[in-house]
Amino acid sequence: MSVNAWIIVGDQPTVGNLVTVARSLGGTVGAVVAGPRSVAEIVASSGVDKVVWCNAPDDVPAEANATALADAVAADPPRVVLAGRNPGERVLLGAAAARLKAAVLTGARSVAVEGDGVVVVNAVFGDIADETVAVSGPVALLLDGGSAPSGDGASVPIEEVSAPPLGVRVVETRTHGFDQVDLNAAHRVIGVGRGLKSKEDLALIEALAVAVGAEIACTRPVAEGLNWMGKDRYIGSSGARIAPQLYLAIGVSGQLQHMVGVTGAETIVAINSDPNAAVFKETDHGLVGDLYQLVPAITAALK
Ligand SMILES: Cc1cc2nc3c(=O)[nH]c(=O)nc-3n(C[C@H](O)[C@H](O)[C@H](O)COP(=O)(O)OP(=O)(O)OC[C@H]3O[C@@H](n4cnc5c(N)ncnc54)[C@H](O)[C@@H]3O)c2cc1C
């Protein structure tokens, strides 16, 4: 059996993995785009069979077009709906799923057709275990979107549907003061946790990072809660997954949700004042001690 799939797209054309997964189901693959026309044009060359674009003014946020997008999907109901994990696409997928009365699985790793049903391997418990789920009706899945297509491939035509006027528009966009980072490109990464007492103390870590030649990353509470760094810098099940040559965890307790993000690291070193910290079970080398003494000493030694 083959099943048809729709791919939900917001304001980023990062659909490479979604197209591969949808194609593996053997049926037709459509994409419905709630973001700008330029995104629909890139998606049209990604290997899908058809594209529907929700035509709304450019200053309307993509997720505000959820109703128009759900209407487009329901007009040709699929068995499987796929979306990437960014916040806008989560909302859009929810709207489509509600309209289709579809089951929703938010941690999909893979999906396959088996007999008359669809089988999904779904990550659970903050991504530290997988469950296998058999679905007999329509299903909506969040999974890794993948990269954006180059836009060089053959394009399919774009069908336009009008999004109704919504009385919502973006009046201002302000970027955060954080530098953006590509942690996956870094050979050495220092991860900072709540063992650091204040944002100002990041200067200690920055000096070490210069001496080591490392990028700085962090645990989730440092980025979400303390807000000391941008969210693209936190590592773990809901953050970045990295595979550097060296990962140096400083003041990081080593909870599973963090450590799953560094299982690909060649060497893991930790500094923690608690000899029983969970992080030491995962490390190749551990230094038990106060980071406020150890970090400046290591930096000085490396210089
Ligand atoms: C569904 C879910 C998803 C999650 N996803 C993620 C995720 O993707 N990434 C993530 O990071 N977390 C995630 N978390 C949170 C995670 O469970 C932990 O709470 C978090 O990683 C702990 O952060 P931390 O190590 O910075 O802080 P803490 O757990 O507070 O650890 C601080 C550590 O610093 C040490 N320390 C204190 N002072 C010093 C000192 N002077 N010198 C040296 N060491 C010192 C302490 O001994 C302690 O071990 C998630 C949680 C849930 C429920």
Checklist outcome for this item: The strands (runs of 3 or more DSSP E) lying wholly within the stretch 1-118 that contain at least 3 residues that are open to solvent by less than 10 Å² (accessible area, probe 1.4 Å) and of a type in the set (A, V, I, L, M) are 3-9, 26-33, 80-83
Next on the checklist: Just checking, does the stretch 171-181 include any residue being in a loop (DSSP other than H, G, I, E, B), within 16 Å of the ligand (Cβ to nearest atom) and at pLDDT 95 or above?
Outcome noted: no
Checklist entry - Just to be sure, is Ala75 free of Cβ contacts under 8 Å to residues at least 24 places away in the same chain, in the same structural domain as Arg23 (by TED's automatic domain parsing) and either closer than 17 Å to Val161 by Cβ or in contact with a helix residue (DSSP H, G or I) (Cβ under 8 Å, 6 or more places away or on another chain) (or both)? => result yes
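Yes/no matrix, rows are residues, columns are (1) touching a strand residue (DSSP E or B) at 6+ places or on another chain (Cβ under 8 Å); (2) surrounded by 13 or more Cβ atoms within 10 Å (Cβ to Cβ):
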{"residue": "Ala140", "(1), (2)": "yes, yes"}
{"residue": "Val170", "(1), (2)": "no, no"}
{"residue": "Asn184", "(1), (2)": "yes, yes"}
{"residue": "Leu196", "(1), (2)": "yes, yes"}
{"residue": "Leu208", "(1), (2)": "yes, yes"}
{"residue": "Gly225", "(1), (2)": "no, no"}
{"residue": "Gly236", "(1), (2)": "no, yes"}
Checklist entry - Taking the stretch 244-269, which residues are of a type outside the set (Phe, Trp, Tyr), more than 9 Å from the ligand (Cβ to nearest atom) and touching a Ser or Thr at 6+ places or on another chain (Cβ under 8 Å)? => result Gln245, Leu246, Ile268, Val269
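The values are calculated or read from the model by the stated rules, or taken from the named source; none is laboratory data. From a predicted model like this one, the values you see are computed outputs, not experimental measurements. Note that each Cβ is placed from the backbone with ideal geometry, even for glycine, and that neighbours are counted across all protein chains shown. Areas reflect the complete protein model, heavy atoms only, side chains present, ligands, DNA and RNA absent. Shrake-Rupley method; radii C 1.70, N 1.55, O 1.52, S 1.80 Å.
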